[in-house]
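We did not get these values from a lab; they are worked out from the coordinates using the rules stated. Because the structure is predicted, anything quoted here is derived from the model rather than measured. No Cβ is skipped: glycine too gets one built from the backbone with ideal geometry, and neighbour counts run over all protein chains shown.
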Amino acid sequence: DGGITQSPKYLFRKEGQNVTLSCEQNLNHDAMYWYRQDPGQGLRLIYYSQIVNDFQKGDIAEGYSVSREKKESFPLTVTSAQKNPTAFYLCASSIDGSRQPEQYFGPGTRLTVT
Amino acid sequence: DAKTTQPPSMDCAEGRAANLPCNHSTISGNEYVYWYRQIHSQGPQYIIHGLKNNETNEMASLIITEDRKSSTLILPHATLRDTAVYYCIGPDYGQNFVFGPGTRLSVLP
């Protein structure tokens, strides 16, 4: 079945540690996205990539980094510079990066940093 | 400034139609309106989108006013599994989607 996988579903880290969240898609989509969601809030865009080896900052990129070395993979690193890293992280993909593409979401990773 | 507004919450009786409104008063002629929903602790799921004509699929219907300043998502026979947060994505995203707080729909038995 085609889709987006994120692992792990729950992740716990100590403050000051970097942590990398995995996102893989087998939909052959060009564009991929990372969002952050806090309790009771909507989604905020962290980074997006319209094509391999290229990515752009979203609205809240500070304290995060990404790479896009392969079309199917878009890992997100939450660095120690991110002041409030505890959140629900969602990865998405779309067929391309044109305006208004339909996005397909993964199940999310819930990160808790103590 | 938010260009898409939705009520924060709504209730609907099971088996009845759920009508979820969205205002997008600044929408331009070539911008689509998208609807997604998010069931608790899951990723958002695409429901439907439209430009100016009303649209229907197996999940819902989308009614867009003639001036395109507002739309209504209709779930014709709501079930308990339709309890979720519903997001109307309008013209405030530019290149990318902006998911606001949405409408929390509670379907009551």
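Could you run through the stretch A:94-110 and say how many residues are touching a residue at least 40 places away in the same chain (Cβ under 8 Å) and either within 11 Å of chain B (Cβ to nearest Cβ) or over 11 Å from A:A31 (Cβ atoms) (or both)? Break it down into steps so the answer makes sense when it comes.
As a first pass, look at the stretch A:94-110 and keep what is touching a residue at least 40 places away in the same chain (Cβ under 8 Å): A:94-97, A:101, A:103-110.
The next check asks that each one be either within 11 Å of chain B (Cβ to nearest Cβ) or over 11 Å from A:A31 (Cβ atoms) (or both); those that pass are A:94, A:97, A:101, A:103-110.
Residues that pass the stated criteria total 11.
Which is in contact with a strand residue (DSSP E or B) (Cβ under 8 Å, 6 or more places away or on another chain), within 12 Å of B:G90 (Cβ to Cβ), of a type in the set (K, R) and without any contact (Cβ under 8 Å) to a residue 60 or more places away in the chain, of B:K52, B:K69? Can you show your working first?
On the way: B:K52 fails: within 12 Å of B:G90 (Cβ to Cβ).
From the options B:K52, B:K69, the qualifying one is B:K69.
Being touching a residue at least 12 places away in the same chain (Cβ under 8 Å), in contact with an Asp or Glu (Cβ under 6 Å, 6 or more places away or on another chain) and either surrounded by 16 or more Cβ atoms within 10 Å (Cβ to Cβ) or on the phi < 0 side of the Ramachandran plot (or both) narrows it down to one residue among A:V52, A:V66, A:V78, A:V113; which is it? Walk me through how you get there before you give the answer.
Details: A:V52 fails: in contact with an Asp or Glu (Cβ under 6 Å, 6 or more places away or on another chain); A:V66 fails: in contact with an Asp or Glu (Cβ under 6 Å, 6 or more places away or on another chain); A:V78 fails: in contact with an Asp or Glu (Cβ under 6 Å, 6 or more places away or on another chain).
Matching residue, one of A:V52, A:V66, A:V78, A:V113: A:V113.
Of all strands (runs of 3 or more DSSP E) completely enclosed by the stretch A:11-77, which ones contain at least 3 residues that are within 14 Å of chain B (Cβ to nearest Cβ)? Quick ask: steps written out before the conclusion?
Numbers: elements: A:19-25, A:31-37, A:43-51, A:54-57, A:64-66.
Because the criterion is at least 3 residues that are within 14 Å of chain B (Cβ to nearest Cβ), the strands (runs of 3 or more DSSP E) in the stretch A:11-77 that meet it are A:19-25, A:31-37, A:43-51, A:54-57.
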